[in-house]
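The values are calculated or read from the model by the stated rules, or taken from the named source; none is laboratory data. Computed from a predicted model, the values in this text were never measured in an experiment. Cβ coordinates were reconstructed from backbone atoms using ideal geometry, including for glycine residues, and neighbour counts include every protein chain displayed. Note: accessible area is taken over every heavy atom of the protein model, side chains too, but ligands, DNA and RNA are not part of it. Shrake-Rupley method; radii C 1.70, N 1.55, O 1.52, S 1.80 Å.
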Amino acid sequence: MKSREIRQSFLDYFAQKAHHIVRSAPVIPADDPTLLFTNAGMNQFKDVFLGKGTRPYTRAADTQKCIRASGKHNDLEDVGRDTYHHTFFEMLGNWSFGDYYKEEAISWAWELMTEVWKLPKERLYATVYLDDDESFQIWTKQPGIDPLHIIRFGEKDNFWEMGETGPCGPCSEIHIDLTEDCSGRSLVNAGDYRVIELWNLVFIQYNRQSDGRLEPLPQKHVDTGMGFERVAAVLQGKGSNYDTDVFRPLFDRITEITGVRYGASMDDPMDIAMRVIADHARTLTFALSDGAMPSNEGRGYVLRRILRRALRYSKNLGYNEPILHQLVGTLADSMGDVFPELVKQQDAVRNIIKAEEESFIVTLDRGIEIFNEVIEKVRAEDSITIKGEDAFKLYDTYGFPFDLTRLMASDAGFLVDGEGFEHCMQQQKVRARADRREKHQVQDDGAQWSWFSELHRSLFAGYDQLEMPVVITAIKHTSGKLLLLLDKTPFYPESGGQVGDRGWIESASYRFQVTDTQKDGDSIVHVITDIFDKILDTPVNPDDIQLNEEQLAVEASVDRHLRQDTERNHTATHLMHGALRRILGQHVQQKGSYVNAERLRFDFSHFSKLSDKEIEAVEAEVNEQIRRSEHVIKHADVPYDEAIAKGALAFFGDKYADRVRVVEIPAISVELCGGTHVDNIGRIGLFKIVSESSVASGVRRIEALTGNAAEKLLWKEYRELQQIRSLLKVRADEPVPSRIVELLESKKELEKQLQEIRIGSLLTMLIGELHSSPDIEGCRLMTKIVEGADSESLRQAALALRDEMPCAAGLLCCVEDGKVSLVSFASDNAVKELGIDAGALIRKAAQHVQGGGGGKPEFATAGGKNPFGVDQALEAFATLARAQLEA
C-alpha cells in the first residue's frame, strides 16, 4: 500500500464506524499556553477531556500533524540515529467522547490491523495496565490472538496522564515483533527497534486529584494514537520509517542537490545527515505553513535550532549552501493533497527558510571565532571543560546547537559542561513559559468555581445586542478579582486578535465593572476588578461578594463606545489585508493581529521594508474603500469547506470548527472571522497608518488608527505644521521641508566657521606654550590637558604643532562627555634625527601606567573607574620621552 492509501484506509474504516472525520489541527496550538507545538491527536480535544468544551459529535477520527522537539516529548536528539524517531510525524487517531469504550476500541483496532491491513497476528502483542482486567479479558476474546502475547505493564508504560492532575487512565498498546524468528516478547516496551509500538489506546476514566487520589469520571472517553510513518513502514515491508515512500521524494531531491545518494545505513554519517535534513525540512515546512516563525524565544527558538542543526549536518554531505528551502516544493508536491496549506504557503515558507539559512551561514563564521576564544580562555584556566554558560551563549547568541558545540569541543580535545548548559536552558524555558502564560489572564490558580446552574457553557449573543438580561451561572474569587459566568452574554471574549469587551453587570444591589472578557473552553469569563454597592454607593472588596439564588438575575451592558471603536479597527484590518495582497502580492498572509479601541496592529508575511510609496498606496486604497460605504455581510454557520472553496481566507494558529462565520465585504474581502464588525465600512470614517516595522525574518508589522483617533492625529500634526510655518515664516504656498533643509545647511556652515575660530584660538594658545615648553637636547617636549576641546580639534592642533617647530614632540589630551582622547605628535627632525616615535611612546606610557602588563590602553579622568588618571598618562609620556632624548 502507498502511504496515502494507508492514511485513507484508516479514515475510511472509522467513517464506516460512524466517526466524524475532522481536519488536522495546526501544529501551532491556538489557545493552549502550555504547549509549544501540537504533539498528539488529542490536543485539539483537550477541552472536552477537561470538561470545558463539547463537540457536535461523540465519535471522531483524523490524521494529526505533530511536532515533538521540546519539553517532555522531545525526540530531537534521536532523529537520524535510529529507524523510527522524528521531530515531525502524523498521528492517526480515533476518539470517543462518552460514547463507546474499551470493547469497541480494542476490537476495532484488532480488526483494522489483522483483517483490513492483514498484519500477521502471530507478530502482534497487546499490552495492558497491571490491574486493568477488563482490557485483558477483552483482548483474550480477539480472534487469533496468542494469549501469551497479552502482557501487563506498570504505570510507566501503560498508564496515561495529561498532567500532575486531571483526566487520566490505563492504556493498551499494540506492538509488532519484527525479529526474524518472532522471538521479540522480551523486547516489548524495551526501546528496541525490532519490536515497536504501533498504536496506543488510552481509556480516560479517572480524574487525578492534587492529593494523588483517582476519582472516576462521570463520562469515560477513548483517545487513540497510531504513528503513521511506523505503520507505513510495516505495511510496506521496510525496516525503517525512512525507507518508505513518505521520505523517498525528499532523499531523491537531496541527492539531486548534493550528489550524495542515500544508502540507508544506520552508522554512515552521510546517511544520518540525510535523515536529519529530511526530517527537519518536514518540521520546518509544516510549522511555518501553519504560521510559526523562527525567532529567539518559545517555539520560534526551537524551530531556529532545528534549522541550524540541519545546516550543520549538511556539512557532512560536503554541502555548504542553503539546502532546506529547496525541499519545500518537494513536500508541497508529495503531501499537498492531504495538507493543502503546504501548497498555498510554499512560496512564503521557502523564502523564510532561505533567509534564515543565509543569516546563519553568515553568523556561523563569527560563532566559530567566539568558540575559538572560549577554547583559549579554557586553556588559560588550565582546564579541559567549556563552561555551561559559555556553551549557552554560543547557542543563544550565535545559534550554535549544543551538539555542534560538543562536537567541535571534542575535535579540539575538550569537554562541555552539559549540566550547566541545561541549567541555563531551563532558566530560559521558565522565562518563556511565564511569558506565554502571562498572555492568558484567566488561568486556574487553584480557586474553584461555585456553580448555581448545571449549564457549564456560555452563549455569546453580542453580535447584535450590547445590553440584555442574563443569569449568573457561576462565580470564582481569584487573585483579588471576581470572575463571573453568565448563561448568555453580550460581552465578546478575547479571540482572534480582538480584545475582550468591557462594561458593566448590574444587579439590584451591586454594579460590577467588567474590565476584561476571556474564553475558557465553552465558558466566557467576565473579569471583575471594581464593584460598587448601589445602595450605599461605596466600593466593595471582590473577596466579600457572596451571591444567593435571588441575586443571580442581572443586566449585562457592554461599553458601547469601546466596542464600536474596536469594531472600526477590526473591520479596517480586513480592508488593509486585502489592500496589501493587491498591492504587494498574494504571498501576503496574516501572521497575527491585535485590535482594541485605540488602534490596530497587523502582522503579515513580506520580505522587505515597505517603501513610502507602498504605504501611501495601501492607505489610499483603504480610505477609497471606506468612502464607498459598502455593507458588511456576516454569514453565520457556514460549512468550513464550503467557505474555503468560495475563497474565504483562514489564518494561522486559529482553530476553526466544522461550521464557521464568514465576514464578507463585497468585491473587497472574504475572511473566516468570529469577531465583531461595523455594519457598513463607511462607519470607519478614516484610516491612517502610523508605523511600519519588522517583527521577524519575513514578517512585517503595520500599526494604524481609525475614526476619531485618526482624526485627532491628523489635527495634531496639522497644528504642529502650522506652528512650524509660523516660526519659520513660511507662506502657505511654500514647501516647509526645503526651508528646513536651508536652515540646517546654514547651521552646518555656521558651526564650521565657529570650529575654525575655536581651532585658531586654540592653536595660538598651544603654539605659545610649545615655545615655552622644556628644551631637551634641542627638542621641545610638551604635555597638555586641553580644556573644552574635542577629539577633532585636538587632532588638528597636533598636526599644526608638529609643523610649528623644527624639533618638537608632545602629548595632548581632552575629555569630552566622559570620553578621553589622547593625541601624540613628533616633528620630522624629532623622528629622523632623534628617533622619536610618538606612537610607540604613547603605547609605552599606557603600559607603564598599567603596570607593564600590556593589553589595550584605557584612560579615564582621575577618580574614574581606571585608578590611573590622565595626569599619570601625561607624566609617563614625558618621562619616557625625556629619557629617550637624554639617551
In segment 1-27, which residues have a backbone nitrogen under 12 Å from the label point lying 7 Å from D245's Cα in the Cα-to-Cβ direction?
1-8
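Two decimals is fine: what's Rg over Rh for segment 667-798, C-alpha atoms, Kirkwood radius as Rh?
Details: Rg = 29.7 Å, Rh = 22.1 Å.
My calculation puts Rg/Rh at 1.34.
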Filtered hits (lysines, Cα-Cα < 24 Å from K377, offset >= 8 within chain) -> K387, K393, K856
Just tell me which aspartates and glutamates come within less than 16 Å, Cα to Cα, of K121; anything on the same chain fewer than 8 places away is out.
E111, D146, E173, D177, E180, D181, E197
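Kindly provide the Kirkwood hydrodynamic radius of segment 174-299 in Å, to one decimal, from all pairs of distinct alpha carbon atoms. Could you put the intermediate results ahead of the total?
On the way: mean 1/r = 0.0550 Å⁻¹.
When all Cα pairs of segment 174-299 are included, the Kirkwood radius is 18.2 Å.
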Check the straight Cα-Cα distances from K748 and name the lysines below 25 Å, setting aside those fewer than 8 residues away within the same chain.
K729, K819
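Quick one: if the Förster radius is 30 Å, what FRET efficiency do S265 and S183 give, using the C-beta to C-beta distance and rounding to 0.05?
Details: r = 25 Å, r/R0 = 0.83.
Calculated transfer efficiency: 0.75.
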Excluding ligands, DNA and RNA, what is the solvent-accessible area per residue of the chain at a probe of 1.4 Å, expressed in Å²?
47
Can you give me the Cα centroid spacing of segment 468-492 and segment 632-688 in angstrom?
28
Pseudo-spin-label distance R152 to E376, built 7 Å along Cα→Cβ, given in nm, is 6.6
Under the 0.36 nm per residue contour assumption, what length would be gained going from the current alpha-carbon distance of Y463 and L750 to full extension?
96.9 nm
Distances longer than 16 Å among the Cα atoms of segment 62-113: what percent of all pairs is that?
58
Simple SL model, points at 7 angstrom along Cα→Cβ for L728 and A190; separation in nm is 8.4
Residue-span extension gain [K712 to D641] - 0.36 nm each, minus C-alpha spacing:
21.3 nm
Just round it to a whole percent: the fraction of Cα-Cα distances in segment 544-661 exceeding 24 Å.
44
How big is segment 44-139 on each of its three principal axes, counting only the C-alpha atoms and giving the largest first in Å?
42, 38, 30
Calculate log10 I(q)/I(0) of segment 461-592 for q = 0.15, 0.17 Å⁻¹, where I(q) comes from the Debye formula with a single equal point scatterer on each Cα and nothing for solvent.
-0.73, -0.87
If segment 141-233 were replaced by its equivalent ellipsoid, with semi-axes equal to the square roots of 5 times the Cα gyration tensor eigenvalues, what would those be, largest first, whole Å?
29, 14, 13
Return the whole-Å distance between the Cα centroid of segment 1-75 and the Cα centroid of segment 255-318.
25
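Longest segment of the chain with no GluC sites (Glu not before Pro) in a DSSP loop having at most 16 other Cβ atoms within 10 Å?
On the way: sites that count: E164, E180, E297, E381, E454, E598, E777, E787, E833, E858.
Between the exposed loop sites, the longest stretch runs 599-776.
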Radius of gyration and maximum dimension Dmax of segment 238-296, Cα, Å:
12.8, 39
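Of K2/K315; K65/K609; K65/K220; K102/K156, which sit over 30 Å apart, Cα to Cα? Working shown, then result.
On the way: K2/K315 32 Å; K65/K609 33 Å; K65/K220 25 Å; K102/K156 20 Å.
Check vs 30 Å cut-off fails for K2/K315; K65/K609.
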If the label point is 7 Å along Cα→Cβ of R23, which residues in segment 665-705 have backbone nitrogen under 11 Å from it?
672
Kindly state, to the nearest 0.05, the FRET efficiency for E161 paired with A657, given R0 = 25 Å and r defined as their beta-carbon distance.
0.35
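From the helices alone, meaning DSSP H stretches of at least four residues, give me the mean residue ellipticity at 222 nm for the chain, per-run term -39500 (n - 2.57), in deg cm²/dmol to the nearest 500. Intermediate values should be presented prior to the final figure.
Numbers: 24 runs with 340 residues, N = 887.
Computed mean residue ellipticity for the chain: -12500 deg cm²/dmol.
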I need the per residue convex hull volume for segment 635-730, using only the alpha carbons, in cubic angstrom as a whole number.
158
Calculate, in nm to one decimal, what L562 and L415 gain on full extension: separation in residues at 0.36 nm each, minus their alpha carbon distance.
47.0 nm
Rounded to the nearest 10 degrees, what's the angle between the helix 3-16 long axis and the longest principal axis of the chain, both from Cα atoms, 0 to 90?
50
In square angstrom, rounded to the nearest 10, how much accessible surface does K387 have for a 1.4 Å probe?
90
What nm value, rounded to one decimal, do you get for the distance between Q546 and L50 when each label is placed 7 Å out toward the C-beta?
3.0
Taking every Cα atom in segment 755-844, find the radius of gyration and the maximum pairwise distance Dmax, and write them in Å.
12.6, 39
Over the chain, what percent of the accessible surface lies on carbon and sulfur atoms, probe 1.4 Å?
48
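As an exercise, take the mean of 1/r over every pair of distinct alpha carbons in the chain, invert it, and state the Kirkwood radius in angstroms. All intermediate terms of the calculation are to be shown ahead of the outcome.
Values: mean 1/r = 0.0300 Å⁻¹.
Final number for the Kirkwood radius of the chain is 33.3 Å.
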Quick one: grab Rg to one decimal and Dmax as a whole number for segment 770-818, Cα atoms only, in Å.
11.6, 38
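When the Kirkwood radius is taken over all Cα pairs of segment 248-343, what Stokes-Einstein diffusion coefficient follows at 20 °C and 1.002 mPa s, in µm²/s?
Details: Rh = 13.7 Å.
Diffusion coefficient, whole number: 157 µm²/s.
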Beyond 27 Å between alpha-carbons counts as too far, so tell me which of K52/K141; K613/K747; K354/K688; K591/K613 fall in that bin.
K52/K141; K613/K747; K354/K688
Distribution output for segment 11-60: share of Cα-Cα pairs per 5 Å bin in percent, first bin at 0, values 5, 18, 25, 23, 18, 9, 3, 0
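What number does segment 585-636 give for Rg over Rh if you use C-alpha atoms and the Kirkwood radius?
Details: Rg = 13.6 Å, Rh = 13.5 Å.
Answer for segment 585-636: 1.01.
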